Amino acid sequence: MLEIRGLRAWYGNVQALHGIDINLKKRELVTLIGSNGAGKSTTLKSITGLLKKRSGHILFEGEDISFYSPARILQAGIALAPEGRWIFSDLTVEENLRMGAFTRPRDSLEGALEEQFELFPILKERRGQKGGTLSGGEQQMLAISRALMARPKLLLLDEPSLGLAPMMVRTVFSLIKNINAAGTSVLLVEQNSAMALSIADRGYVLSTGRIALAETAASLLSDTKVREVYLGGYANGDGI
Amino acid sequence: MLIIQTLIYGLAQGSLYALLAAGFALICGILKMITFAHGEVFMVGAFVALGVIVGLGLPPAVGMAAAMAAAMALGVFIERVAFRPFRGGSSMSPALITIGFSIALQALVLLLAGADTKPFPYGGGEFKLTVGSVSVSGIELTVILASFILVALLQLFIRKTSWGLALRAASMHFDAARLMGVNTNMTVALAFGLASMLAGAGGLLFGAYYGAFYPQMGVVMAFKALAAATLGGITSVSGAVAGGIMLGVIESLSVLFISSGYKDIIAFSILILVLLFKPSGLLGRFEEEKV
Ligand SMILES: Nc1ncnc2c1ncn2[C@@H]1O[C@H](COP(=O)(O)OP(=O)(O)O)[C@@H](O)[C@H]1O
Ligand SMILES: [Mg+2]
């Protein structure tokens, strides 16, 4: 479904990605792990068209989307819940969600909203509240829900557990699992690698802009080297 | 009663500031950059209207439409050449380029229209609304009402339409708006277009109010409106509008109670005090930390 070939990306003159290849099949939940600064966010920003200075190919459902604008990529079926959530803090929860469906026909809006309110009852409760007044966990749900408003075929998630209390992390992860089970493919970027691998089908380990390992999640979890380098604090693997 | 009369003068002057201040808020809100050619957009709008009204002999309402259209075109052009190439970079280049525009546009209008101050063909004196000892002239009423309607229409647009939503979203988080599929180039152009339409209308209203059209008419107005926008909170349209009205009223009260020579000193002392104690302006919020 998603095929990335030889992706390189730059910030100014500094190269952040040195030719990476990633494949993701329909309905898969794939995780991209790696330490801080490895290039995970850069990869997602490249896929969504936010980052322009790059080379290589990005194919989605056989279509070359390498040079599409963010709007067209969204319309092709890829949505991102970015690192740091990027909530519109002075817009209400409902307006934030409406922004998520900005590229979609207006008559589908009410249905999509109802769907999201069913999936995230807390957002329905807070629908008239400003996005900036939500708690961290609620904002993360809003970011995910806003991405889902575009009814993506592929959902990209950048560190959805960042800054959340352990309880909330569990909630968010089981939610991701459910979204995937309901048929949306997911590319999950995480620093909380053990947790990510515990729900993923396959994983890629990114290291200073290169793919170091690509394995099934189970074998990455049992790989001692991966455990040492990336799973340190979570080595005792308390999954969901 | 003198005080009410004074407040009306202040309101008229303040609504002219408000028209420009709202534009500064739109532009600064989305780009976090300032234009120094906004006063000349105001002035060009005024002269285009004067040309249409005096030169072509068309009614003032047509002049107003022409002022807004010409100002909008000019504003969108300025965005295209002075801001878009420098998006995301230093705000120094746009500042310098718009200062260049400001000087060049004044020179151009001076060459085309001459240096003499031009009057407005419709006197404001025929109509007067008198209540007790307070009287409001037709032109004062026009300035206040027209500004009020324009600001209300602007608010309606940014609160109720999907383009308005996109504009507000992009002002809060530019990249997030891009991520949502908003055409941010269009949105920035829209902000400049709307800001410039208000400025153009403001130019005509100013010229009609004071019966004076001249190439430098936008200079002091723009600086004061920028100050007023800062006073109210530069990244919020309602804050900037409130700041404009406040500045006008403060000025007129200073004239009444102290003397007209001191009005600028008093107005700007208040501005500086407000900014010392509340840097985001009276109604503004502190910028969110962006992660
Ligand atoms: N806006 C930016 N400007 C310059 N360099 C950046 C920027 N964002 C990220 N980088 C650099 O690119 C590299 C990859 O960053 P990133 O993709 O954010 O890593 P990760 O998401 O894996 O933590 C890092 O070396 C980082 O310093
Ligand atoms: Mg990151």
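The values are calculated or read from the model by the stated rules, or taken from the named source; none is laboratory data. Remember, it's a predicted structure, so these values are computed and weren't measured experimentally. All Cβ positions, glycine included, derive from the backbone under ideal geometry; neighbour counts span all protein chains shown. Surface areas here come from the heavy atoms of the whole protein model, side chains and all, with no ligands, DNA or RNA. Shrake-Rupley method; radii C 1.70, N 1.55, O 1.52, S 1.80 Å.
When residues in segment A:210-222 are screened for being touching a helix residue (DSSP H, G or I) at 6+ places or on another chain (Cβ under 7 Å), more than 16 Å from ligand 1 (Cβ to nearest atom) and not small (Gly, Ala, Ser), 2 of them pass. Looking at A:LYS45, A:LYS40, A:LYS53, just one residue is among the basic types (Lys, Arg), within 12 Å of ligand 1 (Cβ to nearest atom) and over 18 Å from A:VAL186 (Cβ atoms), and that residue is A:LYS53.
None of B:LEU167, B:LEU108, B:LEU190 is modelled with pLDDT of 95 or more, within 14 Å of chain A (Cβ to nearest Cβ) and part of a helix (DSSP H, G or I) except B:LEU167. List every residue pair whose Cβ atoms lie under 6 Å apart, where the two residues are 6 or more positions apart in sequence or sit on different chains, the first residue falls within segment A:24-42 and is within 14 Å of chain B (Cβ to nearest Cβ), and the second residue, located anywhere, is within 16 Å of ligand 2 (Cβ to nearest atom). The qualifying pairs are A:SER41/A:GLU83; A:SER41/A:ASP158; A:THR42/A:ALA9; A:THR42/A:ALA16; A:THR42/A:LEU17.
With respect to A:THR103, determine if the residue is away from ligand 1 (no atom under 16 Å from the Cβ), of a type in the set (Ser, Thr, Tyr) and part of a helix (DSSP H, G or I). The answer is no for A:THR103. Residues in segment A:183-192 that are open to solvent by 10 Å² or more (accessible area, probe 1.4 Å) and within 14 Å of A:GLU28 (Cα to Cα): A:GLY183, A:THR184.
When only residues in segment A:92-114 that are in contact with a helix residue (DSSP H, G or I) (Cβ under 7 Å, 6 or more places away or on another chain), over 30 Å from A:ALA9 (Cβ atoms) and at the interface with chain B (Cβ under 9 Å from one of its Cβ atoms) count, which is surrounded by the fewest Cβ atoms within 10 Å (Cβ to Cβ)? Filtering segment A:92-114 for residues that are in contact with a helix residue (DSSP H, G or I) (Cβ under 7 Å, 6 or more places away or on another chain), over 30 Å from A:ALA9 (Cβ atoms) and at the interface with chain B (Cβ under 9 Å from one of its Cβ atoms), the one surrounded by the fewest Cβ atoms within 10 Å (Cβ to Cβ) comes out as A:GLU95. Each residue in segment B:194-230 was checked for being under 17 Å from B:TYR122 (Cβ atoms) and of a type in the set (Phe, Trp, Tyr), and 4 of them qualify.
Condition check for A:SER55 on (1) away from ligand 2 (no atom under 16 Å from the Cβ); (2) within 14 Å of chain B (Cβ to nearest Cβ): one failure, at (2). Taking every residue in segment A:119-136 that is closer than 22 Å to A:PHE173 by Cα and pairing it with any residue that is open to solvent by less than 60 Å² (accessible area, probe 1.4 Å) and of a type in the set (Asp, Glu), at least 6 positions away or on another chain, the pairs with Cβ-Cβ distances below 7 Å are A:ILE122/A:GLU138; A:ARG126/A:GLU138. Taken over segment B:134-155, the criterion of being in a helix (DSSP H, G or I), open to solvent by less than 20 Å² (accessible area, probe 1.4 Å) and more than 19 Å from B:SER238 (Cβ to Cβ) is satisfied by B:GLY138, B:GLU140, B:VAL143.
Test A:PHE117 against the stated conditions and say whether it is part of a loop (DSSP other than H, G, I, E, B) and surrounded by fewer than 21 Cβ atoms within 10 Å (Cβ to Cβ). Against the criterion (part of a loop (DSSP other than H, G, I, E, B) and surrounded by fewer than 21 Cβ atoms within 10 Å (Cβ to Cβ)), A:PHE117 does not qualify.
Okay, residues lined up against (1) crowded, with 18+ Cβ neighbours inside 10 Å; (2) not aliphatic (A, V, I, L, M):
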residue	(1), (2)
B:PHE157	no, yes
B:ASN183	yes, yes
B:GLY193	yes, yes
B:MET197	yes, no
B:GLY218	yes, yes
B:ALA227	yes, no
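Does A:GLY128 fit the bill of being more than 9 Å from chain B (Cβ to nearest Cβ), modelled with pLDDT of 95 or more, open to solvent by 10 Å² or more (accessible area, probe 1.4 Å) and within 16 Å of ligand 1 (Cβ to nearest atom)? Answer is no for this residue.
Among residues of segment A:193-209 being within 16 Å of ligand 1 (Cβ to nearest atom) and either surrounded by fewer than 20 Cβ atoms within 10 Å (Cβ to Cβ) or part of a strand (DSSP E or B) (or both), the one that is nearest to the other protein chains (Cβ to nearest Cβ) is A:LEU206.
Determine if segment A:62-69 includes at least one residue that is more than 14 Å from chain B (Cβ to nearest Cβ), of a type in the set (Asp, Glu) and not in a loop (DSSP other than H, G, I, E, B). Checked segment A:62-69: at least one residue is more than 14 Å from chain B (Cβ to nearest Cβ), of a type in the set (Asp, Glu) and not in a loop (DSSP other than H, G, I, E, B). Looking across segment A:3-23 at every residue that is among the polar types (S, T, N, Q) and in a strand (DSSP E or B), the one that is nearest to ligand 1 (Cβ to nearest atom) is identified as A:GLN15. Against the condition open to solvent by 60 Å² or more (accessible area, probe 1.4 Å) and touching a residue at least 24 places away in the same chain (Cβ under 8 Å), how does B:MET64 come out, does it pass? No: the conditions fail for B:MET64. Taken over segment A:48-87, the criterion of being of a type in the set (Phe, Trp, Tyr) and surrounded by fewer than 17 Cβ atoms within 10 Å (Cβ to Cβ) is satisfied by A:PHE67 alone. Say whether the condition of being over 23 Å from A:GLY49 (Cβ atoms), at pLDDT below 95, within 16 Å of ligand 1 (Cβ to nearest atom) and away from chain B (no Cβ under 14 Å) is met by at least one residue in segment A:132-155. Looking for residues that are over 23 Å from A:GLY49 (Cβ atoms), at pLDDT below 95, within 16 Å of ligand 1 (Cβ to nearest atom) and away from chain B (no Cβ under 14 Å), one finds none in segment A:132-155, hence no.
Tell me yes or no: at least one residue of segment B:117-132 is open to solvent by less than 70 Å² (accessible area, probe 1.4 Å) and closer than 24 Å to B:HIS38 by Cα. The answer is yes; a qualifying residue exists. Between A:ARG85, A:ARG27, which is part of a loop (DSSP other than H, G, I, E, B) and within 16 Å of ligand 1 (Cβ to nearest atom)? None of the other options fit; the residue is A:ARG85. Checking the structure you have, find out if any residue of segment A:20-28 is of a type outside the set (A, V, I, L, M, F, W, C) and buried (at least 23 other Cβ atoms within 10 Å of the Cβ). Checking segment A:20-28: not a single residue is of a type outside the set (A, V, I, L, M, F, W, C) and buried (at least 23 other Cβ atoms within 10 Å of the Cβ). For A:SER35, the requirement of being open to solvent by 30 Å² or more (accessible area, probe 1.4 Å), within 12 Å of ligand 1 (Cβ to nearest atom) and of a type in the set (Ser, Thr, Tyr) is met.
Residues that are away from ligand 2 (no atom under 16 Å from the Cβ) and of a type in the set (S, T, N, Q) occur in segment A:115-123; there is at least one. Of the residues making up segment A:56-82, those that are within 16 Å of ligand 1 (Cβ to nearest atom) and among the small types (Gly, Ala, Ser) are A:GLY56, A:ALA81.
Residue-level check: of (1) within 16 Å of ligand 2 (Cβ to nearest atom); (2) open to solvent by 20 Å² or more (accessible area, probe 1.4 Å); (3) under 26 Å from B:ALA169 (Cα atoms), A:LEU44 misses just (2).
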